[in-house]
Amino acid sequence: MAACLQQLFSYYRVVVKIGSAVLIDRKTGLRTAWLDSLAADIAALQHAGTRVLIISSGAIALGRILLSFSSTSLRLEESQACAAVGQIELARAYADYLQTYGLRSGQVLLTLADTEKRKRYLKARAAVDTLLKCGVVPVINENDTVAANEVCYGDNDRLAARIATMIGADLLIILSDIDGLYTMPPHECSDAEFIPFIETITPEIERMAGVAASEFSRGGMKTKLDAGKIATNAGIAMVIASGQRFHPLKAIDNGERISFFCADNKPVNARKVWIAAHMDSAGSLMIDEGAVEALFAGKSLLAAGVVAVSGHFLRGEIVAVINRQGHEIARGLVGYNAAEVRKIAGHRSDALTGLLGYEIRSAIIHRNDMVVYFE
Ligand code: GLU
């Protein structure tokens, strides 16, 4: 994987995420001339052999204009109604503009469970893969009309990263109302500096991301960095670029200012990619400093290093592993249920059989079932 951005046609599969604020003008609705210029850029890439997937927000933003909802905060059922109305218009617009350039598009609406439950994930992947092989441009959004608050992505940044890992993309482009990452939110701090190149998303980089989101878009810089972690951990490079300008993809090729996030080039297997990209965790394990070192050295997590357990997870579920500062350093498939981990936490391996009353099976999380961050 190249350490710097190549011309876009040299990528195999590119996921382009389009934010609501880019696509929808709150007074006039859909930015049709912009959409036309995006469709032209996508056609150029498709003709060069690069497969493009669109993850588009904007259903709720467009729906609220069409339904004349004026209040700033919508109730859940109102935003679901807006999504239903807006999504059908969005799908029509993408189909029409892509068609102008000879491209066929296909709408895919997903819920969190479609990407988190392994069987559903594999089915969704097969369907999207088939669309790509047929030369169709998938236009993907969260199925907002049925997704309820606690069990949804809520922002399309992470959904886009998840799709990128799912279909083996090599580049994720986030088109936003901001042209990249700054040391501080640029609209609030005049001395904010632009960061064009990010080799690793360290905790320091994460601190730079404010939580800001606009009325029209749900994700701020934080969800973009979350997306960046999912993508780069899976070996996918990420670009944050302005979606305000016309021909936004051509602009990237022309060297306009962007932030580029390097792909992690450690080989990771598909199982680990799937674990790393999980949004939900059933619980978390806090571990001591010795265990943190052991994980960074590539070892499994043993009971002795666990200092606290939260959540009601079952064996085989995904749990987060956090250090004493509460920072997530790993996640993985846990080998025991929560009650068992509570019993054996802090104890050495030779005491575990006595505590549990049966022969111990394995580590708390085996290293093959775990993804460690910031190694
Ligand atoms: N899925 C939402 C929509 O289409 C947008 C989520 C987001 O802003 O990221 O309206």
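The values are calculated or read from the model by the stated rules, or taken from the named source; none is laboratory data. What you are looking at is a predicted structure, and each value in this text was computed from that prediction instead of being measured. All Cβ positions, even for glycine, are placed from backbone atoms using ideal geometry, and neighbour counts span all protein chains on display. Only protein heavy atoms, including side chains, enter the accessible area calculation; ligands, DNA and RNA are left aside. Shrake-Rupley method; radii C 1.70, N 1.55, O 1.52, S 1.80 Å.
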Original post:
Which parts of segment 108-143 would a label at Asp253 reach, counting a residue when its backbone N lies under 20 Å from a point 7 Å out along Cα-to-Cβ?
Top reply: 135-138
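So how much slack lies between Met184 and Arg271, counting 0.36 nm per residue of separation and subtracting their Cα-Cα distance, in nm?
Separation in residues times 0.36 nm, less the Cα-Cα distance, equals 27.8 nm.
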Subject >> Carbon and sulfur %, accessible surface of segment 238-342 computed with the full protein complex present, 1.4 Å >> reply: 52
Original post:
Solvent-accessible area per residue for segment 1-68 at a 1.4 Å probe radius, Å²?
Top reply: 37
Original post:
Mean separation of Cα pairs under 8 Å and 6+ residues apart, divided by the residue count of the chain: what relative contact order is that in percent?
Top reply: 15
Original post:
Which percentage, to the nearest 5, of the DSSP beta bridges contained in the chain is antiparallel?
Top reply: 40
**OP:** Figure the gain on full extension for Arg92 and Ser71 (residue separation times 0.36 nm, minus the Cα-Cα span) and round it to one decimal in nm.
**Re:** 4.9 nm
Original post:
Pick from Asp144, Asp288, Asp226: which is most flexible by mean-square fluctuation in a GNM of the chain where alpha carbon atoms under 10 Å apart are linked?
Top reply: Asp288
Subject >> Where a label projected 7 Å from the Cα of Gln6 along Cα→Cβ would reach, residues of segment 144-180 with amide N under 13 Å >> reply: 170-171
Original post:
Say the dipole of the chain comes from +1 at the beta carbon of Lys and Arg and -1 at that of Asp and Glu; which of Thr202, Thr183, Leu301 then lies farthest toward its positive end?
Top reply: Leu301
Original post:
Largest first, what is the accessible-area ranking of Glu77, Glu206 with a 1.4 Å probe?
Top reply: Glu77, Glu206
Subject >> Cα pair distances in segment 41-123, grouped into 5 Å bins until the bin that holds the longest one, percent each >> reply: 3, 13, 18, 16, 16, 17, 11, 5, 1
Original post:
Can you work out ³J(HN,Hα) from phi for every residue in segment 272-277, in order, using Karplus 6.51 cos²θ - 1.76 cosθ + 1.60 and θ = phi - 60°, giving whole Hz and x for Gly and Pro?
Top reply: 5, 4, 5, 5, 4, 7
**OP:** Compute the normalised compactness of segment 68-223: alpha-carbon radius of gyration over 2.2 N^0.38 Å, N being the residue count.
**Re:** 1.17
**OP:** Take the Cβ-Cβ distance between Lys123 and Asn368 as r, set R0 to 30 Å, and report the resulting FRET efficiency rounded to the nearest 0.05.
**Re:** 0.75
Subject >> FRET E, pair Thr353, Glu328, Förster distance 41 Å, beta-carbon r, rounded to 0.05 >> reply: 0.85
**OP:** Sticking with the crude label model, points 7 Å out along Cα→Cβ, report the distance from Phe194 to Arg104 in nm, one decimal please.
**Re:** 4.1
Subject >> FRET efficiency for Lys343 and Glu293, using Cβ-Cβ distance with R0 set to 25 Å, rounded to 0.05 >> reply: 0.50
Original post:
What is the distance in Å between the Cα centres of segment 281-344 and segment 145-196?
Top reply: 28
Subject >> Cα Rg over Rh - segment 295-375, Kirkwood >> reply: 0.94
Original post:
Could you give the Stokes-Einstein D for the chain in µm² per second, using the C-alpha Kirkwood radius, 20 °C, 1.002 mPa s?
Top reply: 99
